[in-house]
1. Among the trypsin sites (Lys or Arg not before Pro) within the stretch 367-473, which fall in a DSSP loop and have no more than 16 other Cβ atoms within 10 Å of their own Cβ?
2. Per residue, how much space in cubic angstrom lies within the convex hull of the C-alpha atoms of the stretch 1-302?
3. Can you give the convex hull volume per residue for the Cα atoms of the chain, as a whole number of Å³?
4. Sequence gap at least 6, Cα distance under 8 Å: using those rules, report the relative contact order of the chain to the nearest whole percent.
5. Please label the shape of the stretch 251-357 as rounded, prolate or oblate, based on the square roots a ≥ b ≥ c of the eigenvalues of the alpha-carbon gyration tensor (a/c under 1.5 means rounded; beyond that, a/b larger than b/c means prolate, else oblate).
6. Find, among the trypsin sites (Lys or Arg not before Pro) in the stretch 249-342, those assigned to loop by DSSP (not H, G, I, E, B) with at most 15 other beta-carbon atoms within 10 angstrom.
7. Got the relative contact order for the stretch 1-302 handy, in percent, Cα pairs under 8 Å and 6 or more residues apart?
8. Ranked by Cβ crowding within 10 angstrom, fewest neighbours first, how are Cys397, Cys356 ordered?
Amino acid sequence: MPIPLFNSIASWILKKRIHQIELFIKYPHEVQAELLHYLLDKAKHTEVGKSFRFEKITNYNEFRNQVPLSTYESIESQIERSRKGTQNIFWPSTIKWFAKSSGTTNSKSKFIPVSIEALEDCHYKAGKDMLSLYFNNNEDSQLLTGKSLRLGGSSELYNKNNSYFGDLSAIIIQNLPFWAELSSTPSNKTSLMAEWETKMKAIASESIPEKVTSLAGIPSWMLVLLQNILKKTGKKDLIEVWPDAEVYFHGGVNFKPYRKIFEQLFPKSNFRFYEIYNASEGFFAIQDRNNSDELLLMLDYGIFYEFIPFDVNEKEENQRVINLAEVKLNKNYAVVITTNAGLWRYKIGDTIRFTCLSPFRIQITGRTKQHINVFGEELIIDNSEKAVANACNKTNCIMSNYTAGPVFMKDGKKGKHEWIIEFEKKPSDIKQFTNLLDKFLQAENSDYEAKRYKDMTLEKLKLNVAQKGLFYKWLSKRGKLGGQHKVPRLSNSRVLIEELLKMNI
């Protein structure tokens with residue numbers, strides 16, 4: 001079959017899914033209620049199901065009152081039993097895959113269960129929906145006439161007690177049908193290489209000659225790869241390397257601080273950027289419109305959603321959990337999920353806000369454990385990302401990575417925030433950039449502004465310019481190159497700041 005004809009037929013098939021998406025958009029609460037009943041019925045004979053009497057639960061309020069909230073620490077012993085071969089603990093189908101994830105604030109590895117239902121009805125379904133929504137918005141797309149450059153995790157899969165663990169991307173690649181590899185670059189063998197720097201060279205060598213029409217991966221790591229490709233080819237931008245490239249699917253970190261440099265890498269008026277929201281625990285949302293910064297919450301992936309109004313000052317035991325019917329616009333919520341892999345009322349550690357309630361569209365605002373609230377300023381990642389992006393735009397510079405933490409009050413001195421920023425393109429005036437960053441932080445966060453008023457509680461932030469490659473070296477030192485590994489943006493302690501300052505000499 002000629003490639004253009006294949007592209008047309010495949011895009012037509014993918015767009016048929018739009019009608020099902022429109023169904024959950026029209027009936028969101030009914031779809032979620034039906035899903036909850038399915039999950040409870042499916043798992044009623046598991047250990048967890050029997051323990052919390054799933055068979056007696058008939059509605060959401062009973063579910064909320066009968067089943068406790070969980071964290072990884074609270075279910076770790078069950079997961080370890082499952083990894084050793086015990087089945088039917090939290091989900092009836094066989095669990096043999098575990099997505100290894102260390103997050104950003106905890107060095108201890110987590111092993112998230114991945115069921116066959118989660119692979120088929122969540123992760124793979126989401127991958128197809130990502131293309132369906134894109135084709136629905138871009139009728140003339142030639143996406144499938146070329147290949148997708150995928151940048152996944154750098155971990156191999158490891159076998160232990162007849163169960164397998166590794167990066168989620170490795171698990172997905174291992175289970176994809178054989179034909180999926182034909183439309184992707186690099187090969188599965190290269191994608192699953194463990195040693196990051198060797199892998200980068202191999203990906204570049206394999207991908208440069210290909211007809212790449214789309215790219216997918218975390219911006220911070222994709223940037224490293226693309227810069228290596230430019231260096232290897234001697235080209236001034238990526239459109240010279242891949243003239244047919246038309247879209248970059250990104251997720252994992254806020255794209256705002258990276259957008260400017262990616263626009264320079266792909267200087268094409270109709271080049272698209274599409275955001276996705278996925279994690280080891282599931283695939284949650286997809287940008288459903290061109291040129292939007294909102295994501296459509298996907299309600300039929302085997303994930304039942306709950307939300308906790310997020311206030312960094314409120315004690316956990318006082319938090320009230322609500323379902324989708326009770327959420328309000330422009331309020332921060334911590335996300336709680338119940339999934340078709342056996343996570344029950346599980347707090348994933350992310351925070352979001354709803355920007356639209358019909359349909360339910362969201363923006364990711366940060367992590368529950370990543371904020372600075374030492375002085376009552378309640379600074380969250382959403383504030384810092386916007387402030388950095390605005391300061392960069394004003395000073396025509398490009399940021400590649402950053403982190404921030406507190407400088408504690410001591411010996412009569414006032415507190416402040418200390419930042420370390422690595423620039424791809426430095427501002428010509430660091431003092432001006434620092435002043436602007438502080439100004440934009442105040443504009444984004446009224447509590448920070450109040451603490452900064454006449455330097456009464458907080459002094460102006462201190463900015464350290466990082467040496468080129470500092471954050472890369474820090475991640476490398478911890479064996480966290482590639483994959484979903486990210487530098488924590490904000491912290492209430494000085495541990496990370498002090499480590500980086502010692503290296504920044």
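1. Lys369, Lys414, Lys460, Lys468
2. Value for the stretch 1-302: 147 Å³ per residue.
3. Working: hull volume 77.6 nm³, N = 505.
Spread over its residues, the Cα hull of the chain gives 154 Å³ apiece.
4. Contact order relative to length: 13 percent.
5. prolate
6. Values: sites: Arg259, Lys260, Lys268, Arg272, Arg289, Lys315, Arg320, Lys328, Lys331; in loops: Lys268, Arg289, Lys315, Arg320, Lys328, Lys331.
Here the sparse-neighbourhood loop sites are Lys268, Arg289, Lys315, Arg320, Lys328, Lys331.
7. 17 percent
8. Cys356, Cys397
Only the coordinates and a few stated rules stand behind these numbers; no lab work does. Since the model is a prediction, treat every value here as computed from it, not as a measurement. Cβ atoms come from the backbone with ideal geometry, glycine included; neighbour counts cover every protein chain shown.
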